[in-house]
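Quick note: the coordinates plus some simple rules give every number you see, no bench work behind them. Nothing here was measured: the structure is a model prediction, and the numbers come from that model. Every residue, glycine as well, gets a Cβ built from its backbone with ideal geometry; the counts of neighbours run over all protein chains shown.
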Amino acid sequence: MSIPGEWYLILAAILFGIGALGLLIRRNVLIMFMCVELMLNAANLTLVTFSRMLNDIGGQAAVFFVLVVAAAEVVVGLGIVVSIFRRRSTAVADDISSMKG
Amino acid sequence: MITELATTMIKMPSIDYLAILPVLILIGGAVLIMAITAMVPGGLRRDVATAMTVTTALAALISSLVEWHRVLVQGATTTIAHAIVMDGFSVFMAIAVSSCVILASLIGHDYLKREDISSAEYLILALISAAGAVLMASANDLVVIFLALEILSIALYVLVAFNPRRAESGEAALKYFILGGFSSAVFVYGIALTYGATGTTNLTQIVDFLGQNTAQHPGLLYAGLGLMIVGFAFKVAAVPFHFWTPDVYQGAPSPVTGFMAAVAKIGGFAALLRVLLSAFGTQAATWQPIIYALAVASLLLGALLMVVQRDVKRMMAYSSINHAGFILLGVEAATTRGVQAALYYLFAYAIMTVGVFGVITLVSGNGDRDTDIASYRGLLRRSPLLGACLVVLLLAQAGAPFTTGLFAKLGVLSAAVSVGSWPLALIAMVSAVISGFAYLRLTLISVRPVGAPTDVDELGVETGVSAPMHHLGATLMLEEELPTEVEIAHVGVSPVALTGVTLAAAFTIIFGIVPGPLLSLAHAATMSLLG
């Protein structure tokens, strides 16, 4: 028995939604990073599924690019967090808000 | 057998190096500076590094002009398996980005010296991020657009954070990073859905697909298109996806803010225009209402919140949101006239904003502290050239005659009226008047003599906005008067940054009086985009 492609698409949509929601409601910066990763991987799953459904290799190739970009993003993001952490020793977004208006 | 298989299966795409020459030059220059900095004991001297960056950007500019020549002869060509396109549009954007890099590196020079930060990082990251913006404009494939967007953005995240002594810098970088990551993820998901609906990520093939078939899953296609627009709207700071803008603009080091405001907007709008008009041109009826809504919200919110700001960098952030609304006016029209006006506006805005942030860099002093509007009191007397440049650039942003700002605003407004969206044009005019107040207020403050007994609030702009705040502001202002005067002596005006600012102001005036060349360049770029 094979699982229809639509299920993967729905799963990806749910993951994307969880990621987006998490980013909006969680306040810990590291968890917010994870939520971004979740969203990117939901997009990857969608790409792979469509690639399979359309019988086209292009979608799978695109996933590699997205993975590389995600890795590069995390490197920069963690670097920024570390540089803030040195100064403040907090990773909670609400504590990092000196600018308002 | 294996080699035979390899040769039959993997076909290397042919590469037209001229098409990617500006990108190669920008990245090559960045790598060269990085290598030399690492090898020279004690690092590269500041002025040498700046000179190298300016040379690199000039080389990219010249190579774009060579491309322009080729485009005039041969028309648009695609290369690297149709993933990259070289046409008037991509060349136009490459010219705009290279010009911004030249100005930003001149302005950054003094900032880095003042803050005592090694200059190589700033210059390298600026060059790389500029390469991303140029690539965004010449991408003909959604995946390449995504990659270019990330090259642009990741370098910008670091640039925003790169002053370790300012807490706001790190905070701004974090906000920019998280919201930027969010928008990238939304954008990729949009690409994935578009891929599912059309079976390709190549823009040309999307056009063919949409021309030949009625989409089997229109919902999928529209969702993909909508998500991509959201991703771009984040990058160009259009309301309601603007909420990172004020904080990031305020927190980032001033020269970086100017660079980011210019280059990220050029890249974002370039890709947005190409995707909407080139790939989804047939679906205009679907995306025009979205752009319409974004434009209205950006125009009004940008102008209204701009007026109540006291921090000049925040004010310019809302100003950039307002400008995004104006450019969207041209995009919404989706005609030759509209796109041409949007391109002209984009170029004019980019130069103006780099220039204004150049002035802000010089005025705000050590540690970027004096960004309050009161610091600009009597700037024209204190430093005539700097003050004059600020006045020119502010009036240009307001759309005054004899500056590029007038033609930019007129162009998008007439384009909107000509396609019948006069309510939008009307809203734009109202927002121009409101934002004009804010520009004029800053202009008058900097023109006013130092220590004149009047103050900002007499201009009546803030009246009724928030009375208690306004009172507090007035008292603060009087107390600040003396220290401001004392600091006057050392508004660190140095020749290099002043050259950058003066170039920006000169550009704004020259192409405001003789708009012909820039307009015809924008026209040619538009023709090659719309075919």
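Data table
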{"quantity": "Folded to 0 to 90 degrees: helix B:516-530 orientation relative to chain B principal axis, Cα", "calculated": "30"}
{"quantity": "Angle in degrees between helix B:312-333 and the longest Cα principal axis of chain B, rounded to the nearest 10", "calculated": "40"}
{"quantity": "Estimated FRET transfer efficiency (A:Arg86, B:Leu440; beta-carbon r; R0 45 Å; 0.05)", "calculated": "0.55"}
{"quantity": "Peptide-level mean, for A:73-85, of C-beta atoms on other protein chains within 10 Å", "calculated": "5"}
{"quantity": "Nearest-ten-degree value, helix B:254-273 long axis tilted from longest Cα axis of chain B", "calculated": "30"}
{"quantity": "Peptide A:9-21 - average C-beta neighbours from other chains (10 Å radius)", "calculated": "2"}
{"quantity": "Highest to lowest packing among B:15-21, B:506-512, scored as the average C-beta count within 10 Å", "calculated": "B:506-512, B:15-21"}
{"quantity": "Rounded FRET efficiency, nearest 0.05, which uses the C-beta distance separating B:Gln74 from B:Leu410 and R0 of 30 Å", "calculated": "0.35"}
{"quantity": "Relative contact order (%) - criterion: Cα under 8 Å, at least six apart; region: segment A:5-88", "calculated": "27"}
{"quantity": "Inter-site label distance for B:Ala506 and A:Ala72 at 7 Å from Cα along Cβ, in nm", "calculated": "3.6"}
{"quantity": "Of A:Gly17, B:Gly338, B:Leu390, farthest towards positive along the dipole that unit charges on Lys, Arg, Asp, Glu beta carbons give the protein assembly as shown", "calculated": "B:Leu390"}
{"quantity": "Choice from A:Gly79, A:Gly59, A:Gly19 with maximal GNM fluctuation in chain A (Cα, 10 Å cutoff)", "calculated": "A:Gly79"}
{"quantity": "Neighbouring partner chain Cβ atoms per residue of B:249-255, average, 10 Å criterion", "calculated": "1"}
{"quantity": "Cα-centred dipole magnitude for segment A:5-88, charges only on beta-carbon of K, R (+1) and D, E (-1), debye, nearest 20", "calculated": "580"}
{"quantity": "³J(HN,Hα) computed for each position of segment A:64-70 - Karplus, 6.51 cos²θ - 1.76 cosθ + 1.60, integer Hz, glycine/proline x", "calculated": "4, 4, 5, 4, 4, 4, 4"}
{"quantity": "Unit charges on C-beta of K, R, D, E only; dipole of segment B:101-214, Debye", "calculated": "160"}
{"quantity": "Other-chain or far-sequence residues with amide H under 5 Å of B:Ala400's (modelled H)", "calculated": "B:Leu406"}
